[in-house]
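The values are calculated or read from the model by the stated rules, or taken from the named source; none is laboratory data. What you are looking at is a predicted structure, and each value in this text was computed from that prediction instead of being measured. With ideal geometry, Cβ positions are generated from the backbone for all residues, glycine too; neighbour counts draw on all protein chains shown.
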């Protein structure tokens, strides 16, 4: 049944490989079970309920994506968006978190309308093929940067912006060893190289000293725990911002920001992951893009109803792709693991950041290999592509990186007297980003 439904033979994969890939993706993004509740709890939401809701929304949204698209893409509450939800909408604007959930729901309805009408699909088609390749590479650099940062290999520096961490520190040395181990295992073609590396580094962390005298990997007090009730946040969204003009005026720019960031973060992730999985067509188009965007829209509605910030496609899905995942069976496996994590959260959470960091670094290397497809000898192609590639990790935003690339490509087409080399939809999207960047219409209020 699984072979037929997920078309494993057509995608030249096996159930075992898909299961392994799903485990890899889950291991790379299981941190969201701890991080998302920690961020949203600052908004006054119940932390225990948020742990449950984070797992439930990730599982349900991922199942929707798997069934509608058969893509190896896993969804969960998005990083960055959860910070915007908490620190800008709730704490910054002084709005109740229930109102913020209502804004997420309205955002989802707009998403769904744009997806069903085909507008979001046209936006994907408007991105030139070299920029799509650059997005993949930029996300690769982004993922690798996150891995290096999580592992303490690079740290913030007020003078040089970033610098190397303390390599004599136990956690950093362990992470460096993990990066080297993962590279060697992958280079030797060892099956399950990334999962093996994560497991070995986690085990090694039991004896490597970390912060405050404790070891890097901490054994849990118990292996299983009963899930917390989602009731404190489930179906708690409110829409009082629709009842008065003053509240509505405050809500509109916040909803537009959610819309813009979420849309292009998801588009960038879809392009980057599916391209690396070999799922993009020869002309750079994304088959079943409409279904993928509808699934993403439904996921946004699910997140608001369940009681968390917007659910998005995760760039860590690329880890599963590099482990051999090619179909929705990979994402379905990760979804099941998210549900199991509700009962095994203490065991799942012992995996330290230094164990998953090497996986992210290696995945970033894999995705950067696509840079060879960009015709760097043609400056007209190289300039927007390189700006996109650099902007994604340097702005720490996939959406803003895409915006900078589209603006540069649009302006270059006009300056060279070839306006028809860029699409009308592309010009419109570039103009929207231009208005945002230069505060002519600041969506962030």
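A quick yes/no check of all residues on (1) touching a strand residue (DSSP E or B) at 6+ places or on another chain (Cβ under 6 Å); (2) at pLDDT 80 or above; (3) part of a helix (DSSP H, G or I); (4) within 30 Å of residue 89 (Cα to Cα):
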| site | (1), (2), (3), (4) |
| --- | --- |
| 4 | no, no, yes, no |
| 10 | no, no, no, no |
| 13 | no, no, no, no |
| 16 | no, yes, yes, no |
| 19 | no, yes, yes, no |
| 22 | no, yes, yes, no |
| 26 | no, yes, yes, yes |
| 39 | no, no, yes, yes |
| 45 | no, yes, no, yes |
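Of all residues in region 159-192 being at pLDDT 90 or above and part of a loop (DSSP other than H, G, I, E, B), which is surrounded by the most Cβ atoms within 10 Å (Cβ to Cβ)?
My answer is 165.
Check region 95-106 and report whether any residue there is outside any helix (DSSP H, G or I) and at negative phi.
Yes, some residue in region 95-106 is outside any helix (DSSP H, G or I) and at negative phi.
Of these, 151, 147, 138, which one is farther than 17 Å from residue 398 by Cβ and buried (at least 21 other Cβ atoms within 10 Å of the Cβ)?
151
Within region 245-254, is there a residue that is within 26 Å of residue 366 (Cβ to Cβ), touching a residue at least 12 places away in the same chain (Cβ under 8 Å) and touching a helix residue (DSSP H, G or I) at 6+ places or on another chain (Cβ under 7 Å)?
For region 245-254, residues within 26 Å of residue 366 (Cβ to Cβ), touching a residue at least 12 places away in the same chain (Cβ under 8 Å) and touching a helix residue (DSSP H, G or I) at 6+ places or on another chain (Cβ under 7 Å): absent.
What number of residues in region 193-217 are surrounded by fewer than 14 Cβ atoms within 10 Å (Cβ to Cβ) and out of contact with any strand residue (DSSP E or B) (no Cβ under 8 Å at 6 or more places or on another chain)?
The total comes to 5.
Any idea which of (1) at pLDDT 80 or above; (2) touching a helix residue (DSSP H, G or I) at 6+ places or on another chain (Cβ under 8 Å); (3) over 25 Å from residue 326 (Cα atoms) is the one residue 98 doesn't satisfy?
So residue 98 meets the others, but not (2).
Return the pairs, sorted by first residue and then second, in which the second residue is surrounded by 15 or more Cβ atoms within 10 Å (Cβ to Cβ) and in a loop (DSSP other than H, G, I, E, B), the first residue lies in region 2-28 and is on the phi > 0 side of the Ramachandran plot and in contact (Cβ under 8 Å) with a residue 40 or more places away in the chain, the beta carbons are less than 9 Å apart, and the residues are 6+ apart or on different chains.
Cβ pairs passing all conditions: 7/70; 7/327; 12/326.
Here is a check on your reading of the model: is residue 394 within 25 Å of the chain's Cα centre (by Cα) and without any contact (Cβ under 8 Å) to a residue 40 or more places away in the chain?
yes
Output the residue which, of all residues in region 110-124 that are assigned to a helix (DSSP H, G or I) and out of contact with any helix residue (DSSP H, G or I) (no Cβ under 7 Å at 6 or more places or on another chain), is nearest to residue 39 (Cα to Cα).
Ranking the candidates gives 113 first.
Whether any residue in region 209-230 is out of contact with any helix residue (DSSP H, G or I) (no Cβ under 9 Å at 6 or more places or on another chain), assigned to a loop (DSSP other than H, G, I, E, B) and either more than 25 Å from residue 36 (Cβ to Cβ) or modelled with pLDDT of 90 or more (or both) is what I want to check.
Within region 209-230 (the criterion being out of contact with any helix residue (DSSP H, G or I) (no Cβ under 9 Å at 6 or more places or on another chain), assigned to a loop (DSSP other than H, G, I, E, B) and either more than 25 Å from residue 36 (Cβ to Cβ) or modelled with pLDDT of 90 or more (or both)), the answer is no, since none of the residues qualifies.
Give the residue that is surrounded by the fewest Cβ atoms within 10 Å (Cβ to Cβ), with candidates limited to residues of region 42-81 that are over 26 Å from residue 355 (Cα atoms) and free of Cβ contacts under 8 Å to residues at least 60 places away in the same chain.
The selected residue is 44.
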